[in-house]
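As C-alpha cells, the structure follows; a few thoughts come after it.
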Amino acid sequence: MNVLVIGGAGYIGSHILRVMTRHGHTCIAFDDLCKGHAQAIGAVALVKANGGDRAALVAAMRQHKIDLVIHLAAFIEAGESVVQPDKYFRNNTLIGLTLLEAMREAGVKRMVFSSTAAVYGQPERVPIEETDRLEPINPYGASKLCVEYMLRAYAAAYGLGCVALRYFNVAGADPAGGIGEDHSPETHLIPLVLQVPLGKRPGVKIFGDDYETPDGTCTRDYIHVMDLAEAHRLAAEVIEPGTAKAYNLGNGEGFSVRQIIETCRKVTGKTIQADLAPRRAGDPARLVASSAKAQKELGWRPQYPQIETIVAHAWNWHRTHPNGYGDK
Ligand code: UFG
C-alpha cells in the first residue's frame, strides 16, 4: 500500500514508518517539522507542509497514489489544552476536517486515526472498554473525540473506511535503535524520570499521592511504541470502506507513578530523587485499557508488554541520545 503518514516525523509516526516499511508498504511522511524531526524518518520521503494545507495534502495524495492515510499530527498536552482550547480545536479538530475533505477530493478512502484514552475522561470503571462512556474532561480529549465523530459521519455518508486507535500511555523506543521520544517541552513521566540519571534534572516530581490507588499515586497502562505501531499496520490492512471502528490499545495493567520511578531505578541502576508535589489538574486516578477488541478483531498481540522492557528500550534511546535529535 502507499501510505501517507501525517505527523510522520514525530515520536509515534517515526516508529510507524519503520514498521510499515518493514512490511513492504511504501510510506510518505507529511510533516511541517514544527514538533517532528527530519532525522526520525530515515530514508522515507518527506512532504514538508502543515496538515491544514489542503492543496498540499491533495497534491501529495495524487502524486504518490496514496491508498491510506495515517493521521497523527496533533498537539497532545492536556494541561495546555485547558488554557488554550483554541489551539487544540484549530489544530486537532479543524485539521482533521481539512484532511477528510482532502481525502474526498483525492479519492482516498481509508484512514487510521490517532485517538486517545483522553476521550473517556474520568472512567467509570477499569479496564475501560470501547463502549464505555465518552466524556473527555479536557479540550485535548474533546478535540480528538470530535474527529472520531467526523469519521463515523464520513464513513456513513461517503463510504470512508476508518479506524480510530485510542492510545493509552505510549513509551519505549525501537530496540533496533536510532529513533525515540524527543518532545519539547517533555511532559511524559518515563522520559522525565530518565532525565534524572542523565543528569538533566535533579529529580522528578510525583503529582499527588492521595488518589484512590494502592500506593496513592496515579496508575497508567503503558504500551510499547513498537506494539502501538504494529497495531496501526494491522488496522491499515483490514479497514473496510463504509465502516468506522475504534480500538483501545494498552496492556491491561496499571502501573503507579511510584512503580514507574522504581522500575527506572532498577533499569538504570541509578539513584533517582523523587519528591511529592501537588496533584496535576485533570489527571484521572486510574487509566487501564481492555484491548480485548483489538486482540480479537485485529489479531494484535503485544510483543513487549513488560514494563521493564518498555523502560529499558526508552533508556537505551535516551542514554545514547541525551539531547534527543539535537535539532530543537
Ligand atoms: N506524572 C508525575 N510527574 C511528572 C509527570 C507525570 O507524577 O513529572 C504523573 C501524571 O500525573 C500521571 C502519570 O504520571 O499520573 C502519567 O503522566 P503522563 O504525562 O506521562 O501521561 P498522561 O497519562 O497524563 O498522558 C496521556 C498521554 C498524553 C495525553 C494524556 C491525555 O501520554 O499524550 O494522556 O489524558 F495528552
>> Residue by residue through segment 277-293, what is 3J(HN,Hα) from phi via Karplus (6.51 cos²θ - 1.76 cosθ + 1.60, θ = phi - 60°)? Round to whole Hz and write x for glycine and proline.
In response: 9, x, 4, 8, 4, x, 8, x, 5, 9, 10, 9, 9, 8, 9, 4, 5
> Counting only residues 5 or more places away or on other chains, whose amide H sits under 5 Å from the amide H of residue 244 once H atoms are built in the peptide plane?
Replying inline: 162
> With axes computed from alpha carbons, what is the tilt in degrees of helix 139-158 against the longest principal axis of the chain, rounded to the nearest 10 within 0 to 90?
Replying inline: 30 degrees
> What pairs in 35/65; 35/296; 109/293; 293/328; 200/245; 35/293 have C-alpha atoms more than 30 Å from each other?
Replying inline: 35/296; 293/328; 200/245; 35/293
>> Starting from 0.36 nm per residue, how many nanometres of slack lie between residue 124 and residue 176 once their C-alpha separation is accounted for?
In response: 14.8 nm
>> Could you give each residue of segment 210-219 its phi-based ³J(HN,Hα) in whole Hz, using Karplus coefficients 6.51, -1.76, 1.60 with θ = phi - 60°, and x for Gly or Pro?
In response: 10, 7, 7, 9, x, 10, x, 9, 5, 10
> Where does the charge balance sit around residue 121 when Lys and Arg score +1, Asp and Glu -1, over other residues with C-beta under 11 Å from its C-beta?
Replying inline: -2
>> Give me the dipole magnitude in Debye, nearest 20, for segment 192-328 about the Cα centre, with unit charges on the beta carbon: positive for Lys and Arg, negative for Asp and Glu.
In response: 400 debye
> Taking the Cα-to-Cβ direction at residue 135 and at residue 2 and moving 7 Å from each Cα, how far apart do the two end points lie in nm?
Replying inline: 4.6 nm
>> How much of the DSSP bridge set in the chain is antiparallel, in percent, rounded to the nearest 5?
In response: 5 percent
>> Is there a quick way to get the dipole size of the chain? I mean about its Cα centre, with the Cβ of Lys and Arg at +1 and of Asp and Glu at -1; what is the value in debye to the nearest 20?
In response: 520 debye
> Say R0 is 35 Å: what FRET efficiency, to the nearest 0.05, do residue 54 and residue 296 get from their beta-carbon distance?
Replying inline: 0.40
> Using modelled amide H (1.01 Å from N, peptide plane; none on Pro or chain starts), what sits under 5 Å from the amide H of residue 179, excluding residues fewer than 5 places away?
Replying inline: 174
> Hey, how many Å between the Cα centroid of segment 127-186 and the Cα centroid of segment 45-111?
Replying inline: 14 Å
> So, counting K/R as plus one and D/E as minus one, what does the shell of residues with Cβ under 12 Å around residue 58 add up to?
Replying inline: 0
> So for the chain, what percent of the C-alpha to C-alpha distances run longer than 37 Å?
Replying inline: 11 percent
> R0 = 25 Å: FRET efficiency of residue 277 with residue 87, Cβ-based, nearest 0.05?
Replying inline: 0.45
> the chain: longest stretch without exposed GluC sites (Glu not before Pro) (DSSP loop, at most 13 other Cβ within 10 Å), sites themselves excluded?
Replying inline: 1-123
> residue 212 label point, 7 Å along Cα→Cβ, cut-off 15 Å on backbone N: hits in segment 100-141?
Replying inline: 122-127
>> If each residue of separation counts as 0.36 nm, what is the full-extension length gain between residue 153 and residue 320 once their alpha-carbon separation is subtracted?
In response: 55.6 nm
> Are there trypsin sites (Lys or Arg not before Pro) in segment 17-55 that DSSP marks as loop and that have at most 15 other Cβ atoms within 10 Å, and which are they?
Replying inline: 48
> Which residues in segment 298-328 have a backbone N closer than 18 Å to a point placed 7 Å from the Cα of residue 34 along the Cα-to-Cβ line?
Replying inline: 328
> Helix 95-106 versus the longest principal axis of the chain: what is the Cα-based angle in degrees, 0 to 90, to the nearest 10?
Replying inline: 30 degrees
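FYI, it's all coordinate maths here, none of it is from the lab. Keep in mind the model is a prediction, meaning the values are calculated, not measured. Cβ: placed from backbone, ideal geometry, glycine included. Neighbour counts: every protein chain shown.
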